[in-house]
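**Student:** The structure follows.
The values are calculated or read from the model by the stated rules, or taken from the named source; none is laboratory data. Since the model is a prediction, treat every value here as computed from it, not as a measurement. We place every Cβ from the backbone using ideal geometry, glycine too, and count neighbours over all the protein chains shown. Accessible surface is based on the protein model in full, side chains and every heavy atom, while ligands, DNA and RNA are left aside. Shrake-Rupley method; radii C 1.70, N 1.55, O 1.52, S 1.80 Å.
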Amino acid sequence: MFQATAYSGDKTKDYELLIKQLQALSEGETDTIAILSNASALLNQFLDDVNWVGFYLWKNDELVLGPFQGLPACIRIPYGKGVCGSAIKEQKTQRVPDVSAFPGHIACDSASRSEIVVPLIIDGTIFGVLDIDSPSTNRFDETDQFYLDKFAESLKSYIRL
């Protein structure tokens, strides 16, 4: 049974523990939606100062809302549009310190001020994105990006296309 963990306050050590928790929750599971649901819940309880954590999945040439934690969200995001669509188009993590300065930002939650989106590309195939929003500007730094990329890499090892 999973129990909320009191993290140490050392960002690097805490992210390493988070990835181990993801692995423990996902090991042996074959249902992708269950894995993504637990991953979004795990990130939501781990990260402070966030208002939305979840996944958009690639279906029929657009991103479609998947498992998440937070307020109801946009259901579909076109390729190349907003931060999520840009992450897919560029196939690289988008760390946006101030979403109001991002050209074409799609405001699903008006409280969001910063965002990080990690594309999930598996064996050259677009799977979707991990999307995290914060009500504070400049919420995500280089350490967050490094470890969220690492979290996504670990997560992808449990997803079956």
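**Student:** Condition test on Leu63, is it in contact with a Lys or Arg (Cβ under 8 Å, 6 or more places away or on another chain) and under 17 Å from Ile126 (Cα atoms)?
**Tutor:** Judged against the criteria, Leu63 is a match.
**Student:** Within the range 113-161, how many residues are in contact with a strand residue (DSSP E or B) (Cβ under 7 Å, 6 or more places away or on another chain), within 19 Å of Asp14 (Cα to Cα), charged (D, E, K, R) and not in a helix (DSSP H, G or I)?
**Tutor:** So the count comes out to 1.
**Student:** Looking only at the range 42-61, count how many residues are in contact with a strand residue (DSSP E or B) (Cβ under 6 Å, 6 or more places away or on another chain) and surrounded by 17 or more Cβ atoms within 10 Å (Cβ to Cβ).
**Tutor:** Result for the range 42-61: 11.
**Student:** Show the residue pairs meeting these rules: Cβ distance below 8 Å; 6+ apart or different chains; first residue within the range 128-142 and among the polar types (S, T, N, Q); second residue assigned to a strand (DSSP E or B) and surrounded by 15 or more Cβ atoms within 10 Å (Cβ to Cβ).
**Tutor:** Pairs found: Ser134/Ser114; Ser134/Glu115; Ser136/Ser114; Thr137/Ser114; Asn138/Ser114.
**Student:** Let me ask something else. Quickly run through the range 102-161 and pick out the residues that are within 24 Å of Thr30 (Cα to Cα) and small (Gly, Ala, Ser).
**Tutor:** Correct list: Gly124, Gly128, Ala152, Ser154, Ser157.
**Student:** Output the number of the condition that Leu65 fails; it satisfies all remaining conditions of (1) open to solvent by less than 60 Å² (accessible area, probe 1.4 Å); (2) out of contact with any Cys (no Cβ under 9 Å at 6 or more places or on another chain).
**Tutor:** Only one criterion in (1) open to solvent by less than 60 Å² (accessible area, probe 1.4 Å); (2) out of contact with any Cys (no Cβ under 9 Å at 6 or more places or on another chain) is unmet by Leu65, namely (2).
**Student:** Output the qualifying pairs, or none if there are none: Cβ atoms under 8 angstrom, residues six or more apart or on different chains, first residue in the range 100-117 and over 19 Å from Arg76 (Cα atoms) and crowded, with 16+ Cβ neighbours inside 10 Å, second residue at pLDDT 85 or above and hydroxyl-bearing (Ser, Thr, Tyr).
**Tutor:** Taking only residues 6 or more apart or on different chains, the pairs are Arg113/Ser100; Arg113/Ser134; Arg113/Ser136; Arg113/Thr137; Ser114/Ser134; Ser114/Ser136; Ser114/Thr137.
**Student:** Then there is this: Checking the conditions here, which among Ala24, Ala73 is under 21 Å from Ile159 (Cβ atoms), open to solvent by 40 Å² or more (accessible area, probe 1.4 Å) and among the aliphatic types (A, V, I, L, M)?
**Tutor:** Details: Ala73 fails: open to solvent by 40 Å² or more (accessible area, probe 1.4 Å).
Unique residue meeting the criteria: Ala24.
**Student:** Could you run through the range 30-41 and say how many residues are open to solvent by 60 Å² or more (accessible area, probe 1.4 Å) and in contact with a strand residue (DSSP E or B) (Cβ under 7 Å, 6 or more places away or on another chain)?
**Tutor:** Matching residues across the range 30-41 total 1.
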